[in-house]
Amino acid sequence: MCEFLRVNYDDVVQQVKDDKTDAEVLTWCLENGRGLSELDIKMANAFFSKRGLKDDIAERLAERKKENGIADRDDIATMFDFMEYDEDRA
């Protein structure tokens, strides 16, 4: 995501450490990286919503699930699903 938005990962981490909300971090990213058109947003949503589902990071997702003792959770099939779980929203 950082590469897509053209922002530095460590800078985003600092925004989070500064207790910024998700919306504030996104605003910061858009102001300090590249702006996004409606098409950019639609394409990114479609792409990122499927990350981890039988793609190049599927193995990493399986590792994260195993590390968290949820390897048997078939309902967590994408990285977004994992983030929802990890942030206590699923």
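Where helices (runs of 4 or more DSSP H) fall wholly inside the range 1-73, the ranges with 1 or more residues that are β-branched (Val, Ile, Thr), modelled with pLDDT of 95 or more and outside the structural domain of MET83 (by TED's automatic domain parsing) are 9-17, 22-32.
The residue pairs whose first member lies in the range 7-21 and is of a type in the set (Phe, Trp, Tyr), whose second member is surrounded by fewer than 15 Cβ atoms within 10 Å (Cβ to Cβ), and whose beta carbons are closer than 7 Å, counting only pairs six or more residues apart or on different chains, are TYR9/CYS2.
Of all residues in the range 46-88 being under 16 Å from the mean Cα position of the chain (by Cα) and among the polar types (S, T, N, Q), which is nearest to MET1 (Cα to Cα)? Selected residue: SER49.
The values are calculated or read from the model by the stated rules, or taken from the named source; none is laboratory data. As the structure is a prediction and not an experimental result, all values here were calculated from the model. Positions of Cβ are backbone-derived with ideal geometry, glycine not excepted, and every protein chain shown enters the neighbour counts.
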